[in-house]
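Enquirer: Below: one structure in structure tokens.
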């Protein structure tokens, strides 16, 4: 929308903007913000930034925790959810080091940029294009409570099969039969269309939206392919728009990977391809599924490091309730064409050379997108540098439904971690590929693991309703 401070000030005047909002990202990938009156915005705002305490954002700051946030005018966007005319933008965190501030190497947006520069320095590619698919639920009601004497969680979606006795209109969706259902069953069409229009206004081109398999208000919005750093920003904005538009429509949005145990979970499959000098790196008419050796090596890097990657791409205990057989979520470390049961799926419909690619299917939107996308790139680059061939390592291609193999055949396969604890163990043991070129600071990885370990300890202390079901009367 704007490129310079003068552009921003002209926009403030033109649109009658009263407030300028700055969005920052914490270690978990959640927006935080600070706002100034538009009358206080000047060229110095972009030069000197806005002060904040990085320790409250979860980063392991060795220096003094006072940082400055430098807004990026290229991300400026009119916030449609503010009654007061508000311009919002994101940016980068800097360490105060007079006279020249320097980037905080632990800030996620800086890590994405460092990963892209490392890719260019390696000479492998100059651009990574990605396409994340956003699956989420829209509920009419959600409540939960954790107290000394009781704990519970409950959700409701008016079109769900469990409301067949009280829906009043008959437009209920059978369990696991929600994929692409049309009106009158698709009751949130207008809400999702509004979401997509707002995303396009925020310069995020959208491919489509539709109901997903889960009958209880599960949906998907898919953007167009975009450069990794821009798509990391876009991921934050897409989640922001989905949550706030849902609220406007009296709905509650969640990206929880498994909010309902008996329905398909919410993933964030990430399509990946590399470009160099405008040419596709991953295309080869003679390769398996028309992919080049570089593409296969990239896949090999992902599959070698995927247990460790899971700590970053699936960083919640709920994430691993989705990664179970039978619900289209991957559990097997492997690759194949058009196979949703493997971690890496090569879409058969991507036929033109510039679109030939693959998707990694285990990530979910609980991740910090900057850390997730940068980690995927670093794992893939490690695969290319070390020529890690996925076929030679026994990871496929698996052109069969892996869920239907016998127990004996399944025992021969490698599988994803089944808990967050196991994924953190894997990250602890295998993260040198992330620190190559100084992209991921060791201190951040240590802090991230410690933060998640503390999360695990908190969750492990709370009795669950299932434990009462199983153990109360023993």
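Enquirer: Looking at (1) surrounded by 22 or more Cβ atoms within 10 Å (Cβ to Cβ); (2) at positive phi, which is the only condition residue 250 fails?
Expert: Unmet for residue 250, out of (1) surrounded by 22 or more Cβ atoms within 10 Å (Cβ to Cβ); (2) at positive phi: (1).
Enquirer: Here's something else I'd like to know. Against the definition (part of a strand (DSSP E or B), in contact with a strand residue (DSSP E or B) (Cβ under 6 Å, 6 or more places away or on another chain) and either in the same structural domain as residue 77 (by TED's automatic domain parsing) or surrounded by fewer than 19 Cβ atoms within 10 Å (Cβ to Cβ) (or both)), how does residue 155 come out, yes or no?
Expert: So residue 155 fails the test.
Enquirer: Here is a follow-up. Name the residues in region 429-454 that are part of a helix (DSSP H, G or I), surrounded by fewer than 20 Cβ atoms within 10 Å (Cβ to Cβ) and in contact (Cβ under 8 Å) with a residue 40 or more places away in the chain, would you?
Expert: Residues satisfying the conditions are 429, 436, 437, 438, 443, 446, 447, 449, 451.
Enquirer: Okay, next question. Any idea how many residues of region 266-281 are assigned to a loop (DSSP other than H, G, I, E, B) and more than 18 Å from residue 224 (Cα to Cα)? Let's see the steps before the verdict.
Expert: Let us first name the residues in region 266-281 that are assigned to a loop (DSSP other than H, G, I, E, B), namely 266-269, 277-278, 281.
After this cut, where a residue has to be more than 18 Å from residue 224 (Cα to Cα) as well, the list is 266, 277, 281.
Looking only at that region, the number is 3.
Enquirer: Which residue, of 56, 28, 92, is surrounded by fewer than 17 Cβ atoms within 10 Å (Cβ to Cβ) and within 28 Å of residue 312 (Cβ to Cβ)?
Expert: 56
Enquirer: Next up: Could you please give the count of residues in region 86-123 that are part of a loop (DSSP other than H, G, I, E, B), in contact with a strand residue (DSSP E or B) (Cβ under 7 Å, 6 or more places away or on another chain) and modelled with pLDDT of 90 or more?
Expert: Total satisfying the criteria: 2.
Enquirer: Residue 384: part of a loop (DSSP other than H, G, I, E, B) and closer than 30 Å to residue 230 by Cα, yes or no? Step through it out loud before you land on a result.
Expert: Numbers: part of a loop (DSSP other than H, G, I, E, B): no; closer than 30 Å to residue 230 by Cα: yes.
Spelling it out, it is not the case that residue 384 is part of a loop (DSSP other than H, G, I, E, B) and closer than 30 Å to residue 230 by Cα.
Enquirer: Before we move on, is residue 186 under 21 Å from residue 322 (Cα atoms), surrounded by 15 or more Cβ atoms within 10 Å (Cβ to Cβ), free of Cβ contacts under 8 Å to residues at least 60 places away in the same chain and more than 23 Å from the chain's Cα centre (by Cα)?
Expert: Considered against the rule, which asks whether it is under 21 Å from residue 322 (Cα atoms), surrounded by 15 or more Cβ atoms within 10 Å (Cβ to Cβ), free of Cβ contacts under 8 Å to residues at least 60 places away in the same chain and more than 23 Å from the chain's Cα centre (by Cα), residue 186 comes out as no.
Enquirer: Kindly indicate whether residue 195 is touching a strand residue (DSSP E or B) at 6+ places or on another chain (Cβ under 7 Å) and within 24 Å of residue 330 (Cβ to Cβ).
Expert: Details: touching a strand residue (DSSP E or B) at 6+ places or on another chain (Cβ under 7 Å): yes; within 24 Å of residue 330 (Cβ to Cβ): no.
For residue 195, the condition - touching a strand residue (DSSP E or B) at 6+ places or on another chain (Cβ under 7 Å) and within 24 Å of residue 330 (Cβ to Cβ) - is not met.
Enquirer: Related question: Scan region 213-234 for residues that are under 23 Å from residue 180 (Cα atoms) and either surrounded by fewer than 23 Cβ atoms within 10 Å (Cβ to Cβ) or in contact with a helix residue (DSSP H, G or I) (Cβ under 7 Å, 6 or more places away or on another chain) (or both) and report the count. If you could, list the steps in order and put the result at the bottom.
Expert: Let us first name the residues in region 213-234 that are under 23 Å from residue 180 (Cα atoms), namely 213-225.
Subsequent filtering for residues that are either surrounded by fewer than 23 Cβ atoms within 10 Å (Cβ to Cβ) or in contact with a helix residue (DSSP H, G or I) (Cβ under 7 Å, 6 or more places away or on another chain) (or both) retains 213, 215, 219-225.
Going through region 213-234 one residue at a time, the tally reaches 9.
Enquirer: Considering 402, 377, 424, 456, which residue is touching a strand residue (DSSP E or B) at 6+ places or on another chain (Cβ under 6 Å) and closer than 27 Å to residue 54 by Cα?
Expert: From the options 402, 377, 424, 456, the qualifying one is 377.
Residue-wise test of (1) over 21 Å from residue 151 (Cβ atoms); (2) exposed (fewer than 14 other Cβ atoms within 10 Å of the Cβ).
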| residue | (1), (2) |
| --- | --- |
| 407 | yes, yes |
| 424 | yes, no |
| 465 | no, yes |
| 473 | no, yes |
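Enquirer: Test residue 103 against the stated conditions and say whether it is surrounded by fewer than 19 Cβ atoms within 10 Å (Cβ to Cβ) and at negative phi.
Expert: Values: surrounded by fewer than 19 Cβ atoms within 10 Å (Cβ to Cβ): yes; at negative phi: yes.
Spelling it out, residue 103 is indeed surrounded by fewer than 19 Cβ atoms within 10 Å (Cβ to Cβ) and at negative phi.
Enquirer: Of the residues 289, 261, only one is in a helix (DSSP H, G or I), farther than 30 Å from residue 81 by Cβ and modelled with pLDDT under 95; which?
Expert: None of the others qualify; the one that does is 289.
Enquirer: Inside region 68-87, can you point out the residues that are farther than 18 Å from residue 230 by Cα and surrounded by fewer than 17 Cβ atoms within 10 Å (Cβ to Cβ)?
Expert: 80, 81, 82, 83, 84, 85
Enquirer: As an exercise: evaluate residue 287 against (1) over 20 Å from residue 214 (Cβ atoms); (2) touching a helix residue (DSSP H, G or I) at 6+ places or on another chain (Cβ under 8 Å); (3) touching a residue at least 60 places away in the same chain (Cβ under 8 Å) and give the number of the one condition it does not meet.
Expert: (3) is the only condition that residue 287 fails.
Enquirer: While we're looking at this one, here's another question. Within region 268-280, identify whether any single residue is under 25 Å from residue 179 (Cα atoms), surrounded by fewer than 24 Cβ atoms within 10 Å (Cβ to Cβ), under 21 Å from the mean Cα position of the chain (by Cα) and modelled with pLDDT of 95 or more, and answer yes or no. Quick ask: steps written out before the conclusion?
Expert: Pass one, region 268-280, residues under 25 Å from residue 179 (Cα atoms): 268-272.
Now narrow it down to the ones that are surrounded by fewer than 24 Cβ atoms within 10 Å (Cβ to Cβ): 269, 271.
From what is left, the residues that are under 21 Å from the mean Cα position of the chain (by Cα) are 269, 271.
Narrowing further to those that are modelled with pLDDT of 95 or more: 269, 271.
Looking for residues that are under 25 Å from residue 179 (Cα atoms), surrounded by fewer than 24 Cβ atoms within 10 Å (Cβ to Cβ), under 21 Å from the mean Cα position of the chain (by Cα) and modelled with pLDDT of 95 or more, one finds at least one in region 268-280, hence yes.
Enquirer: What number of residues within region 124-150 are outside any loop (DSSP other than H, G, I, E, B) and touching a helix residue (DSSP H, G or I) at 6+ places or on another chain (Cβ under 7 Å)?
Expert: Qualifying residue count for the region: 6.
Enquirer: Taking residue 9, is it surrounded by 14 or more Cβ atoms within 10 Å (Cβ to Cβ) and in contact (Cβ under 8 Å) with a residue 40 or more places away in the chain?
Expert: Considered against the rule, which asks whether it is surrounded by 14 or more Cβ atoms within 10 Å (Cβ to Cβ) and in contact (Cβ under 8 Å) with a residue 40 or more places away in the chain, residue 9 comes out as no.
Enquirer: Sort out which residues of region 455-474 are part of a loop (DSSP other than H, G, I, E, B) and without any contact (Cβ under 8 Å) to a residue 60 or more places away in the chain, and write them in order of number.
Expert: Within region 455-474, 461, 472, 473, 474 meet the criteria.
The values are calculated or read from the model by the stated rules, or taken from the named source; none is laboratory data. Here the structure is a predicted model, which means the values were calculated and not measured. Cβ sites come from the backbone with ideal geometry, for glycine too, and all protein chains shown count toward neighbours.
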